[in-house]
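Undergrad: This is the structure I have questions about; it appears just below.
The values are calculated or read from the model by the stated rules, or taken from the named source; none is laboratory data. Keep in mind that this is a model prediction, so the values were computed, not measured. Cβ atoms come from the backbone with ideal geometry, glycine included; neighbour counts cover every protein chain shown. Accessible surface areas use protein heavy atoms only, side chains included; no ligands, DNA or RNA. Shrake-Rupley method; radii C 1.70, N 1.55, O 1.52, S 1.80 Å.
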Amino acid sequence: EDGIRDYKVTGVQTCALPICNQITGCVVRDIGNYGIYVVDGTGHSVVGCEVYETGDGAVGLKGGNRLTLTPSGHRIEYCHLHHNGQWTYTYVPSVKLDGVGIRVAHNLIHDHPHTAILFEGNDHVIEYNEIHHVAQDTGDTGAIRSEEHTSELQSPCNLVCRLLLEKK
């Protein structure tokens, strides 16, 4: 299977890892922009990675066809994403989703100045994530946020569920 496993990447100006089918168990830190950013394709996954101290967000996934609602099958799972957004504080989330059919599950996301997960598109599943200490440096946001397009907010297929909410 095409993939990158157990790499440690540090001190790169732009996105740290190239697009490949699966990025597993990697540590990505001190990156100028996003740590990992996947555009297009199908079935790409970021699993069990730690991404921190990036200038922008941690992981971005874009894919699927919005016209036909063909899902991308991309996923981010079991990752630890923290202390990102070191130089861009707003509208650069820790996790950015754009497209159709992306899954974000079982991640720990914390210490980000703005939104933890920002999504646009259709048929995404966001579940079983633990999110804390986000949106503390900015306003007009939340832990999980849509790009506010009416069709996305009204879509019964965007599933945001099973969140751990606790007051500390």
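Undergrad: Inside the stretch 67-118, can you point out the residues that are polar (S, T, N, Q) and over 12 Å from the mean Cα position of the chain (by Cα)?
TA: From the stretch 67-118, those polar (S, T, N, Q) are 68, 70, 72, 84, 86, 88, 90, 94, 107, 115; that's our starting set.
T68, T70, S72, Q86, T88, T90, listed by residue number.
Undergrad: Going by the structure shown, is E1 of a type in the set (D, E), touching a strand residue (DSSP E or B) at 6+ places or on another chain (Cβ under 7 Å), open to solvent by 10 Å² or more (accessible area, probe 1.4 Å) and modelled with pLDDT under 90?
TA: Numbers: of a type in the set (D, E): yes; touching a strand residue (DSSP E or B) at 6+ places or on another chain (Cβ under 7 Å): yes; open to solvent by 10 Å² or more (accessible area, probe 1.4 Å): yes; modelled with pLDDT under 90: yes.
In short, yes.
Undergrad: Restricting the stretch 25-44 to residues that are in a strand (DSSP E or B) and under 17 Å from I109 (Cα atoms), which is most open to solvent (accessible area, probe 1.4 Å)? Walk me through it before giving the result.
TA: Going through the stretch 25-44, the residues in a strand (DSSP E or B) turn out to be 27-29, 36-39.
Keeping just the survivors that are under 17 Å from I109 (Cα atoms) gives 27-29, 36-37.
Working: V27: 37, V28: 0, R29: 78, I36: 0, Y37: 55 Å².
Residue satisfying both the conditions and the ranking: R29.
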